[in-house]
Structures are given as C-alpha cells and as structure tokens.
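See below for the structure under consideration.
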Amino acid sequence: MGRGKVELKRISDKSSRQVSFSKRRNGLMKKAHELAVLCDVDLALFVFSGKNRLFEYSTGDSSMNKILTRYQSYKNADEIVRRTVHEKLALEFNEVWTADKLMQITQRHLEENKIQESDISELCQLEKEIESMMQQVRIRKTQIMLGTVKALQEKQKQLHEEKQFMVGEIMAARMNENNVDG
C-alpha cells in the first residue's frame, strides 16, 4: 500500500520542518551517492539550511574544487558559444528585410504609382512583387535557421568528442595511478 500524495507547501511547525529537512537532506545525499556509483558520474551537491548552514557532498576521487572548476569552464565555454551564435544571428537577421522595411517599400511603390489610378494588371504586378519579397524573406530566414541548427549540431558533436577524449585521458591517468600504486 503506497503513501498518499504529499501536498507541497512550507511546513509551518518549526521542529517538524527541521526533522523533515534533515531526513530529506539525507535522502537526497543518498540518492546523489547512488547516482554517482551506478552511473559513474562526478557529482557535487550543495544544500543550505534555513539557518544558512552548508551541507555538501562530492563523489569519489573528485574533490569539490575539481568539480567546480570543471563546471566553471563548461559554463564559460557554453556562454561563449551562445554569445557567438547570438551575434551571428543578429548580424544575419539585420540583412533580412524587416516587416517595416517591406511596408515602406510597398508604401513608396503605392504612392509612386498612385494606387487609386492603377489598373488591374498594375495591381497584379505589385502583388507579385510583394509576394516575391516575402518569399525571399522566408527563404533567407529558413537558411539562417538551418545554418544555426547545423552550427549548434557541429558544436555539440565537437563538445561530445572533447568529452570522450577527456574521459579517455582520465581513465588512462587512473590506470597509470593504479599501476604506480600496485
């Protein structure tokens, strides 16, 4: 028989809250340990209590500093990639006609040709030109989006290869340590 669903809200009683915090913190750390062992991952966990006490856990051979250094280098590389992609997109989208620019072109064309005095063939021609401009915008937008996706996929592949290389280096270093110690 399973337990009922627990309503997630702040526990009002201070002692009950402290007991729950302590039990759940221990459970969280146990789950973190299980994840690290079962999946062979490096893991760091920080928990700050309501009284601002720090509880931390890090896995195996990795110290907290090593994990934090890896995290920081990953975040920095990720930020550089995001910023580069964003800047590239901004430059490319500046080349694409905006709705305002299309509206200005259309308005200028309408004023120049005095739309009220145009016959059906001139209006059809204007409509074709507008549709042509819109098609060019759609094509360019699609090219930019596909290029961005391709660039991100290539970056993901590159990062995966770097990760695999680093894992291989770590395994080789561990085997070296074991051979030296043995």
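Subtract the Cα-Cα distance of Ser12 and Ser121 from 0.36 nm times their separation in residues, and report this length gain in nm to one decimal.
Values: separation 109, 0.36 × 109 = 39.24 nm, distance 7.65 nm.
Result for the pair: 31.6 nm of gain on full extension.
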- [ ] Return the distance in nm (one decimal) between the two label points of a simple spin-label model at Phe21 and Asn52, each offset 7 Å from Cα along Cα→Cβ.
- [x] 1.3 nm
Task: Debye intensity ratio in log₁₀ form over the Cα atoms of region 15-62, taken at each q of 0.19, 0.23 Å⁻¹ - done: -0.63, -0.81
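Between Leu28 and Glu162, what's the calculated FRET efficiency when r is the beta-carbon distance and R0 is 45 Å? Round to 0.05.
On the way: r = 31 Å, r/R0 = 0.68.
Computed FRET efficiency for Leu28 and Glu162: 0.90.
Which length gain, in nm to one decimal place, applies between Lys5 and Thr148 when the Cα-Cα distance is subtracted from 0.36 nm times their residue separation? Mind dumping the intermediate values first?
Values: separation 143, 0.36 × 143 = 51.48 nm, distance 4.38 nm.
Here the answer is 47.1 nm.
We did not get these values from a lab; they are worked out from the coordinates using the rules stated. Only a predicted model underlies this, so the values are computations on that prediction, with no experimental measurement involved. Note: ideal-geometry Cβ built from the backbone for every residue, glycine included; neighbour counts use all protein chains shown.
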